[in-house]
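Scroll down for the structure; my scribbles are underneath it.
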Amino acid sequence: MNYAEQQDYRGNEAALAWRAEARTPEVEGSAASFEGEKKGIASWFTREAAAAWESCGAFEWVALGYLATSSALIAVFAENLAHPVRLFGIQALVAALILTLCLLEAKVGRQAKWQGETAASRLWRFWRHWYPHLFFLFCFEELGKLVHLVTPAWQDAKLIAFDEWLTGVNPPLWLERFTHPALNEFMKFAYFTYFVFLLILGGILYCRRDWESYWCVMTYSAVGYALGYVISMFFPVQSPWFTFAGMWHGDLAGGPFTALINLIERCGRVHGAAFPSQHVAGAVAALWGAWRHRRWLFWMFLPFVLCMCVSTVYVRNHYVADVFGGMLTGTLGYVVGSWVMKTRGTVAMTAR
């Protein structure tokens, strides 16, 4: 054996020794432990995800379905957005927060059944039932980014033509002749009532612990809003406030409600998403919910809802066509939501 052969032989011996050492029980045990940890984490995540989905009800089905639909549209029409990845990430984060909230409330609720009610269980139950209002607000504000997702051009001219065909005038401009501080204040108040219909109805059902009726009402609203949000992505309308800017003879002067609405709109006005009117859709869905679950409240809501519908045009935020569109989507929300609520498991046991 020459010198080169001796070196190769010694190198092969070293490699064999290293391989033998690598097969020692300690090394094999650590590798098996690592693989076991990976499988354990994956199994834990799968169990938690399944438990989170099981703790969801009909409202979450609609909310997560809307997020999935809008995320799919973001992926398909990404070239029309400035930051599609950021929007997709926000959608995923919101979905994760909803599932996490449902899962945590479910766990706390199960403990409360055995150990009795605690401050923590009441707090989690409160957030589990009232987070839908924050979800609606998030989706509406997000529409400012998604309004040109599918269609790049504003479609206001079509609605202006429809209003003129229906009424013979341009309603937002025509109504300006009736402006007066007292009437302005009343119309701003009527417009403001939109914010309280679902809060009042939901609050009564929540305090009575009528959980099934409560989640029926929330599901009606969720379906109505989701339909309106998707329509707004395909048919963007910016509203008379923007279309007729510079054509008004003056601002709508009034009192405290006028100042309050002006403040809200300065902080959260969305450019677009006017058709269908989400204000009208939400009010009509709540109105139908009152008819179904608290008939006496329906008759109290009805005159305010009608005034609110008129006020949306008077305060220059919507066309007449927007109002009709909101009535339709709000009614569809009630019809489809009622059908969804007949499905088994629409009210998660832990949310009762």
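The values are calculated or read from the model by the stated rules, or taken from the named source; none is laboratory data. Please read these numbers as outputs of a predicted model, since none were measured by experiment. Quick reminder, even Gly has a Cβ in these numbers, built from the backbone with ideal geometry, and neighbours come from all protein chains shown. Heavy atoms of the whole protein, side chains included, go into the accessibility calculation; ligands, DNA and RNA do not. Shrake-Rupley method; radii C 1.70, N 1.55, O 1.52, S 1.80 Å.
Nearest 10 degrees, 0 to 90: what angle lies between the long axis of helix 320-340 and the longest principal axis of the chain (Cα atoms)? Its long axis makes an angle of about 50 degrees.
Here the translational diffusion coefficient of the chain follows from Stokes-Einstein with Rh set to the Kirkwood radius across Cα pairs; for 4 °C and 1.567 mPa s it amounts to 55 µm²/s.
As a rough guide to protection, the peptides 74-82, 314-322, 302-310, 182-190 ranked by mean Cβ packing within 10 Å, highest first, stand as 314-322, 182-190, 302-310, 74-82.
Relative to the dominant Cα principal axis of the chain, helix 194-207 is inclined by about 60°. Once the Cα atoms are used to define both axes, helix 84-115 deviates from the longest principal axis of the chain by about 80 degrees. For the listed peptides 271-284, 129-142, a ranking on the average number of other beta carbons within 10 Å per residue, highest first, reads 271-284, 129-142. The alpha-carbon atoms of the range 215-352, seen along their principal axes, cover 55, 35, 26 angstrom, with the largest extent given first.
In this structure the chain gives 53 Å² per residue of accessible area when probed at 1.4 Å with all protein chains present.
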